[in-house]
Amino acid sequence: MKERSKSSSASNLPLILDIDDFKGDFSFDALFGNLVNELLPAFQEEEADTADGHGIGGTDVLPNGHIRAPSGATKFPQGLSAPLFPEVDALLSLFEDSCRELVDLRKQIDGKLYNLKKEVSTQDAKHRKTLTELEKGVDGLFDSFARLDSRISSVGQTAAKIGDHLQSADAQRETASQTIELIKYLMEFNSSLGDLMELSPLFSDDSRVAEAASIAQKLRSFAGEDIARAVPSVVGSVTASRVLEVAVANLQEYCNELENRLLARFDAASQRRELSTMSECAKILSQFNRGTSAMQHYVATRPMFIDVEVMNSDTRLVLGSQGSQASPSNVARGLSSLYKEITDTIRKEAATIMAVFPSPNDVMSILVQRVLEQRVTTLLDKLLLKPSLVNPPPIEEGGLLLYLRMLAVAYEKTQELARDLRAVGCGDLDVEGLTECLFSVHKDEYPEHEQASLRQLYQAKLEELRAESQKVSESSGTIGRSKGASVASSHQPISIAVVTEFVRWNEEAISRCTSFSSQPATLAANVKSVFTCLLDQVSQYITDGLEWARDSLIEAAALRERFVLGTIVSRRVAAAAASAAEAAAAAGESSFRSFMVAVQRCGSSVAIVQQYFANSISRLLLPVDGAYAASCEEMATAMSSAEGAAYKGLQQCIETVMAELRYRLNGYYQLNKRQQITAHLMMEWLPIIVQQMLAQESCCLSFSGPRGCIHCTRGS
């Protein structure tokens, strides 16, 4: 703010306010203070003093800064009084000048703002015009760039087409050059066989064997195509065709000689274990029939295929010494050792093959196939001699069961070998399928051999039981019952141990069915046929046992008949009649007890078979529709003959009990009154009770279901 003198007039006043005072951080309090601080220095000091003393000479200071006189003070005359605020005129003049200057400043600012607005409007119009022109220029550039891009694309496509044509032309030129070269080489073979030694150095230099083999294969392909396209319609073409055939024949002769030379070099390197040379030869030989001859030659020269001692040692390891009977356990151990040796040998060969051949998977496929088809097949042919079903081997030599056990062991161990060979590596060979083919001859007729084996075991067991019974009869000095020794040897008492042995045979046969049958339908059919054999065996065995028990009932009945006849003809011989009656009663009691024991064992046998069916057979039949129900029906049918024999025997038991009652009541009138009543009750009710008990025993023999009898609450 500009300073000015207090005595200066208003017209000559300098500027009080400046435009710069309103710039920056503007404060009205600071502006006002700067205006009045020059005029009111003493007033400010007095104001400070009065503020401290709360009055000056009995006067009060008002809040606005004016001094108020006390109420009792006398007023001075106007001419003698001094003004209370003498600077007011100066301040008023200052404020008026400041207002005028503020108006002038506002006009100046308004003028400047108007000029700035006008200038800004002019510049804005210029910029808008410039932007419009720039937009038009940019649109033109975009159009130019689009045309340029289209042109570049067209030129690029043309260049690509030209490049393709050039590349095709270069390829055709290269092909023509190679064809000319091949024709030159082919002409060298258009001579007699004796002139082949005059070929170019390419075909005779051992250091260029790989190049020669490549050229030879190209010549063979080229000549073969030309012969196929040749149409001998004229004499010239016929002559050319014959000339070409001569060249092809000579070329084939050279290829054979070159291949044999490479194979000889490969064999020599193989003997010295020079893997680098072997690899080089194998790579060259791969150009001849994709290297098939080299692969087959390498596999065929392995010692395990050409050494006869290896084959003999395989046989000794598995079958033992010549003339000895091999057991399945020994064969299993021998096969495990042999197959482990084969796996180790192939693993070693795989390392060499991977280092030598360019296509090792193909070589491994040939090697594994040769092992299975030659070494394993030769051993299996000696081990598995299929027996005749018409004249099976005797049971003393193992019978059909020995063959089946050998077959199961060999099949299991060979399957393990196939998995091990798959882990080592066998290329694209289906080693599991090939293994199945090795046993296809045996598996095709396996169900018939299994059923025949079970029948053979059953007959052998019956012969054993008859021999034991005959030995017991001879040692006791008896020859059987009234029918003689032939009857005693035809039927035997029922034994739970024998039935358990039947089930054990069948269980072993079922385990072999599971191993040999991969398809559920085939497995169910084989299991059903094998289980049917068990049903037939158990049914026949318990029927024969019941018939044996019935024979004792028949003998007891015969004794009773002789006793009755004796009492009618000769009543005078009382002692003899009493002895015969006691013998008949004892025979009846013994036969009754024997038959009831037979019925009880028969029920136990049925329960064993039912339990075996529920635990082992049913789960194998359920996946096939109708197989389970058909087997249940066969179980019910298989017991029909046993039920008939049991029913007849139980009827005879009732007759025996009734005969014993009649005999015991012959002295009825010698009894007292109470004993007579008891005898009447026994005659009326005892036959009914016995019939119910025996009928229940017969009912419980039924194969009505796998859980037991369904006609009574008592289980089997």
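The values are calculated or read from the model by the stated rules, or taken from the named source; none is laboratory data. Being a predicted model, the structure only gives us computed values, none of them experimental. Virtual Cβ from ideal backbone geometry, glycine too; neighbours counted across all protein chains shown. For accessibility, only protein heavy atoms count, side chains too; no ligands or nucleic acids. Shrake-Rupley method; radii C 1.70, N 1.55, O 1.52, S 1.80 Å.
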Check: Got a number for the accessible area of Leu317? Probe 1.4 Å, square angstrom, nearest 10.
Finding: 80 Å²
Next item on the list: Lys and Arg at +1, Asp and Glu at -1: add these up for the other residues within a Cβ distance under 14 Å of Gly111 and post the number.
Entry: +2
Check: Just how much of Lys117 is accessible, in Å², when a 1.4 Å probe is used and the result is rounded to the nearest 10?
Finding: 150 Å²
Notebook entry, point to check: Excluding ligands, DNA and RNA, what is the solvent-accessible area per residue of the range 93-172 at a probe of 1.4 Å, expressed in Å²?
Noted result: 86 Å²
Check: Say each of Glu397 and Asn37 gets a label point 7 Å from the Cα, pointing the same way as Cα to Cβ; how far apart are those two points in nm?
Finding: 14.3 nm
Note to self: Can I get the semi-axes of the range 93-172's equivalent ellipsoid? Compute them from the C-alpha gyration tensor as square roots of 5 times the eigenvalues, in angstrom, largest first.
What the structure shows: 74, 12, 4
Item checked: Among the listed pairs Lys386/Lys413; Lys413/Lys528; Lys348/Lys443, those beyond 22 Å (Cα-Cα) -> Lys413/Lys528; Lys348/Lys443
Item checked: Calculated FRET efficiency for the pair Gln374/Arg261, C-beta based, R₀ 30 Å, to 0.05 -> 0.60
Margin query: Going by Cα centres, the range 304-354 and the range 603-640 are how many Å apart?
Written below: 43 Å
Check: What residues from the range 406-428 fall in the zone where the backbone N is under 19 Å from a label point 7 Å along the Cα-to-C-beta line of Ser518?
Finding: 407-428
Check: At a 1.4 Å probe radius, carbon and sulfur cover how many percent of the accessible area of the range 302-454?
Finding: 52 percent
Check: Thr132: net charge of surrounding residues, Cβ under 14 Å, Lys/Arg +1, Asp/Glu -1, itself excluded?
Finding: 0
Margin query: If I compute solvent accessible area with a 1.4 Å probe over the protein chains, what percent of it on the range 93-172 is carbon and sulfur?
Written below: 60 percent
Item checked: Förster radius 35 Å - calculated FRET efficiency between Ala558 and Ser475, Cβ distance, rounded to 0.05 -> 0.85
Note to self: Leaving out ligands and nucleic acids, and using a 1.4 Å probe, what accessible area per residue does the range 302-454 come to in Å²?
What the structure shows: 47 Å²
Margin query: Checking a compactness column here: for the range 302-454, what do you get for Rg(Cα) / (2.2 N^0.38 Å), N being the number of residues?
Written below: 1.13
Item checked: Segment Glu174-Gln459, extension gain: residue separation times 0.36 nm, minus the distance between their alpha carbons -> 94.1 nm
